[in-house]
Amino acid sequence: MENIKVILRKNMRQYAMLVALIVIMILFQILTKGILLKPINVHRLILQNSYILILAIGMMFCILSGGNIDLSVGSIVALIGASSALFSITLGLPVILSIFLSLALGVLVGMWQGYWIAYVKIPSFIVTLAGMLVFRGINNLILKGETIALPSLYVTIASGSIPDFIGGKGSSLHMTTIVIGLICAIIYVVLQYRDRQNKLKYNFQVISFRGFVMQSAIMFTIINLFTIWLARANGLPYIIIILLVLILIYAFIANRTVVGRHIYAMGGNSKTAELSGVKTKKLLFMIYANMGLLAAIAGIVFSGRLNSASPIAGDGFELDAIAACFIGGASASGGIGTVPGAIIGGFIMGILNNGMSIMGINVFWQKIVKGLVLLMAVAFDVYSKSKAKSKISYKTEVGKNENVLSGN
């Protein structure tokens, strides 16, 4: 029981946001009279927020590196849509080639910004603000202010679902989705068990076996309920598969690789990390190149959702991505945050948008509510840090007094 409390205390912010997500879901489920969690609405909710979640993953790494942000991601999303139209429609290139060229363009854009930030040492706020204007301008030059329809593959990637190989067309449930959910739930439990055994092998602190069984049973149930819900709608969307792959890859990078540890170290104290041998310039350059890649993926997904390249695509996306990270537990000063936390924050924003829209709340009030939620999340972070510092300073002062009284 004690080690569960320790783990909860160490991850208080992330668990608090998860509880907040559950509370918000229950609240809007009641206020919308059961509409929010209907299978078809859950399906739409994921599709509507997929590109923000992709951007939030990349933005989390920017923030982890020392509180940096990227204000240009919305404009990059628009630029990638315009470049997709240029490659596939204007130049007549194959769709697959157009997608890969658009992804490469996103990486180049990220490298361009990373160079100015990492090596010229211009603040990220200034570089990405300039990028926001430049890339939006290039987008409008390519499209000439017009909206251009894109090939159907873009729509399939953004909104399509996998075929039902098991149930067939006559089935009321998408059986392939249910089977995939069951397999994923089993794999999750096996991997968690192996991870627990490895930690025990090296005498790391873990929760009790009873706690592990309860945690695994809860996650097993949630995964299967989620896929059953999707199976009752249109099945498993391709974009969820893309999202899961991205979450797993970037969570692994953050938690299990040297690069991930270096990013956290750089965010905690850049000077100390550099003196310890971390190549901070190269790392920051790579982080922004990666942000360009993820913004390009988000651009392809969003273009597919619109079924077109639009001059106004991506407007305000950078703010939603940044808000998702801070709401999900990232620290404004860097060095603290997780990829799952960013996803939780993104879903909180998405459910607020969706729930208030179902209730018919004015869009201006929606912005006020989202702004207040962001402010409270950051305030909670500041309060938690100040409380932790006050405890440390108190213990230090008590230790000094005890040494004086003992004559040491």
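The values are calculated or read from the model by the stated rules, or taken from the named source; none is laboratory data. What you see is a predicted model, and the numbers here were worked out from it, not measured in a lab. Glycine also receives a Cβ, built like all others from the backbone with ideal geometry; neighbour counts cover every protein chain displayed.
Could you list all residues from region 92-135 that are outside any helix (DSSP H, G or I) and hydroxyl-bearing (Ser, Thr, Tyr)?
Tyr119
Of these, Ile222, Ile183, Ile207, Ile218, which one is closer than 25 Å to Phe252 by Cβ, of a type outside the set (Asp, Glu) and at pLDDT below 85?
Residue meeting the stated conditions: Ile207.
Would you be able to say whether some residue in region 124-139 is out of contact with any Ser or Thr (no Cβ under 9 Å at 6 or more places or on another chain), surrounded by fewer than 19 Cβ atoms within 10 Å (Cβ to Cβ) and not hydrophobic (A, V, I, L, M, F, W, C)?
Scanning region 124-139, I find no residue that is out of contact with any Ser or Thr (no Cβ under 9 Å at 6 or more places or on another chain), surrounded by fewer than 19 Cβ atoms within 10 Å (Cβ to Cβ) and not hydrophobic (A, V, I, L, M, F, W, C), so the answer is no.
How many residues does region 266-279 hold that are in a helix (DSSP H, G or I) and either of a type in the set (D, E, K, R) or buried (at least 20 other Cβ atoms within 10 Å of the Cβ) (or both)?
5
Can you say whether Asn68 is of a type in the set (S, T, N, Q) and either under 16 Å from Gly114 (Cβ atoms) or in a loop (DSSP other than H, G, I, E, B) (or both), as far as the supplied structure shows?
yes
Which fully enclosed helices (runs of 4 or more DSSP H) of region 146-232 have 2 or more residues being under 26 Å from the mean Cα position of the chain (by Cα), without any contact (Cβ under 8 Å) to a residue 40 or more places away in the chain and surrounded by 15 or more Cβ atoms within 10 Å (Cβ to Cβ)?
Filter on region 146-232 gives 175-201, 209-232.
How many residues are in contact with a helix residue (DSSP H, G or I) (Cβ under 7 Å, 6 or more places away or on another chain) and not aliphatic (A, V, I, L, M) if we restrict to region 258-275?
6
Go through region 233-250 and give me each residue that's among the aliphatic types (A, V, I, L, M), surrounded by 17 or more Cβ atoms within 10 Å (Cβ to Cβ) and assigned to a helix (DSSP H, G or I).
Ile239, Ile240, Ile242, Leu243, Leu246, Ile247
Residues in region 74-91: is at least one β-branched (Val, Ile, Thr), in a helix (DSSP H, G or I) and in contact with a Phe, Trp or Tyr (Cβ under 7 Å, 6 or more places away or on another chain)?
Yes, the conditions are met somewhere in region 74-91.
Here are some residues: Phe61, Phe87. Which one is among the aromatic types (Phe, Trp, Tyr), assigned by TED's automatic domain parsing to the domain that holds Gly314 and either within 29 Å of Ile351 (Cβ to Cβ) or buried (at least 21 other Cβ atoms within 10 Å of the Cβ) (or both)?
Phe61
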